[in-house]
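The values are calculated or read from the model by the stated rules, or taken from the named source; none is laboratory data. Predicted, not measured: the structure shown is a model, and the values here were computed from it. Cβ placement follows ideal geometry from the backbone for every residue including glycine, while neighbour counts extend to all protein chains displayed. With ligands, DNA and RNA removed, areas are computed over all heavy atoms of the protein, side chains included. Shrake-Rupley method; radii C 1.70, N 1.55, O 1.52, S 1.80 Å.
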Amino acid sequence: MNDTTSIVALDNRERRRSVGLGAGVVARIIDAVTSRALATTRAAAAFAVGFFFAPPGSNVIDTIASPVTSFVPAIMDNLDYVSPAHGQPAALTKSQSDALDTYNKAVSDFKSILSQRRAQINSNQPLPNLPGQALYLARNNMISAYKDLTDVLPSRIGRPNKFGIPPAYFDAENEPLLDEYTALFNIMQAPPANAQNSNTPFDDVVDLGTVIGRVKGLDTENAEIAGRIALGLFFAETNGNQNIGNARSNKYKGSFQTGISEDKNGRNKWAAIKKSIAALNPALSARDDEEEARVGKLDRRYNHWTAVKDALVNAHADLFPRIPTIARALPNPVDQMKLFELIQIIPTPTKAALKSGDVLKYEIADPRIMGYLRNNSIFTFGKSNRARTSATFREILDAMWLFNDKFERALSKFNEIKARQKVGN
């Protein structure tokens, strides 16, 4: 079970403005144009491999895209072009100057660990235990330092970034660094050679979530919501990639990033409802029998089908009957996905909030629980966020902006599946 997370709301950025056209302003304009041109070139190169900027956690995948076994990007050659905070007015206060220095150092440190890990991979050197942890911490430090900088120097908030990260948290000039961050995780978290993939990974998640919802008593409409939520969880945990490892944890693996005990518990729960599933959907039950025979003695978390079904019945199925109430309280499908992701991160408080009768106003003030949230990129970045001692669930959902991009993509994929099924029918 996650005590922790994998993404990002698009905020409109307040653009930098200049008054007059003195020599310093002209120089900054030239610098901005050059940087933008370079960023465009780098973004085009990164597009070929995709990007996922994910909130990491103890068992929720940090950042994943489709497995990559060989990627030596031109990005690394261009990292020196990435500019730290620049173009500032001459008269900075001490707090502004300190924040600027801290941010510049954080950018430098992030570039350094990216270059180090890339060199190790390219030269086939053995990687350290949990090779993604240092990258994750350096990334967080950079984002936190930028938030601290923009808190004391709002003029540093610049143009929108392609990742949709709120502009007060991320300088778009550093997009290539996150591209390389993602590319490295692609390599470090690639599935093992014996992993058993599915040819229909997204459909599998939706079908399993839907049938579990029906067995738990949901009508057709609400069972469909269960399938949609299940797909959102798949994107949150692994960005929609099956059978992956975890570069930040030796415990959590597979399509839903579960531990061994979680998977075992889910397997037992599935066995308890297997007859009901067979009666409700014989074709799905037959597929299940095939996958059970296929997995054999392999770690079940590395068979996509068994990993998904075990995870869903272990952590989420018992709450599926509450979906009608949740859907009324949270009509936005992305908010529904966020709430179920919180069951992965902070299961006990989330279940208590659901029982309270007003989930959005339910407040968390336990320092331990706030720590779990911060470990999953919720109230993590910047001193002002880390100073928080409490939050309502409405505030928590709003702070889960790193998940927005993943859940929006899950929603798009779900609609695509449903449209295809409608045409088929």
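How high is the FRET efficiency between Ala278 and Ser356 when r is their beta carbon distance and R₀ equals 35 Å, given to the nearest 0.05?
My answer for the efficiency is 0.45.
Quick one: 3J(HN,Hα) in Hz for region 389-401, Karplus 6.51/-1.76/1.60 with θ = phi - 60°, rounded, Gly and Pro as x.
For region 389-401, the Karplus-derived couplings read 10, 7, 6, 7, 5, 5, 5, 5, 4, 5, 7, 8, 5 Hz, x marking Gly and Pro.
Residues with amide H under 5 Å of Asn303's amide H, sequence separation 5 or more or different chain, H placed in the peptide plane at 1.01 Å from N; which?
HN-HN under 5 Å from Asn303: Gln196.
Each label point is 7 Å from the Cα along the Cα-to-Cβ direction; what then is the distance between the points at Arg394 and Ser115, in nm?
According to this spin-label approximation, the distance is 4.8 nm.
Between Lys383 and Ala91, what is the label-to-label distance in nm when each label sits 7 Å out along the Cα-to-Cβ direction?
Once both label points are built, they end up 2.3 nm from each other.
In square angstrom, rounded to the nearest 10, how much accessible surface does Glu290 have for a 1.4 Å probe?
About 120 Å², rounded to the nearest 10.
Once fully extended, how much extra length lies between Asn104 and Lys162, figured as 0.36 nm per residue of separation less the alpha-carbon to alpha-carbon distance?
Gain on extension, Asn104 to Lys162, equals 18.8 nm.
Ignoring ligands, DNA and RNA, what percent of the accessible area of region 335-425 is carbon or sulfur (1.4 Å)?
Whole-percent figure for carbon plus sulfur exposure: 50.
Students sometimes get this wrong: rank Ser261, Ser115, Ser285 by accessible area, probe 1.4 Å, all chains present, largest first.
In descending accessible area the options line up as Ser261, Ser115, Ser285.
Find how much the distance from Leu137 to Asp318 grows on full extension, using 0.36 nm per residue of separation minus their present alpha carbon separation; answer in nm with one decimal.
Taking Leu137 through Asp318 to full extension adds about 61.7 nm, to one decimal.
Calculate one ³J(HN,Hα) per residue across region 152-158 by plugging θ = phi - 60° into the Karplus curve 6.51 cos²θ - 1.76 cosθ + 1.60, and present them in order as whole Hz with x for glycine and proline.
9, 9, x, 5, 6, 5, x
Skipping prolines and chain starts, which residues have an amide H placed within reach, meaning under 5 Å, of the one on Ser255, given they are 5 or more residues away or on another chain?
For Ser255, whose amide H was placed from the backbone, the distant partners under 5 Å are Asn243, Ile244.
Residue by residue through region 206-218, which ³J(HN,Hα) values in whole Hz follow from phi under the Karplus form 6.51 cos²θ - 1.76 cosθ + 1.60 (θ = phi - 60°), with glycine and proline marked x?
Result, ordered by residue: 5, 4, 5, x, 5, 5, 5, x, 5, 5, 7, x, 6 Hz.
Which FRET efficiency value, to the nearest 0.05, do you get for Lys251 and Arg420 by plugging their Cβ-Cβ distance into 1/(1 + (r/R0)^6) with R0 = 51 Å?
For Lys251 and Arg420, the calculated efficiency is 0.90.
Sort Thr150, Thr389 by heavy-atom solvent-accessible area, probe 1.4 angstrom, most to least.
If we order Thr150, Thr389 from most to least accessible, we get Thr389, Thr150.
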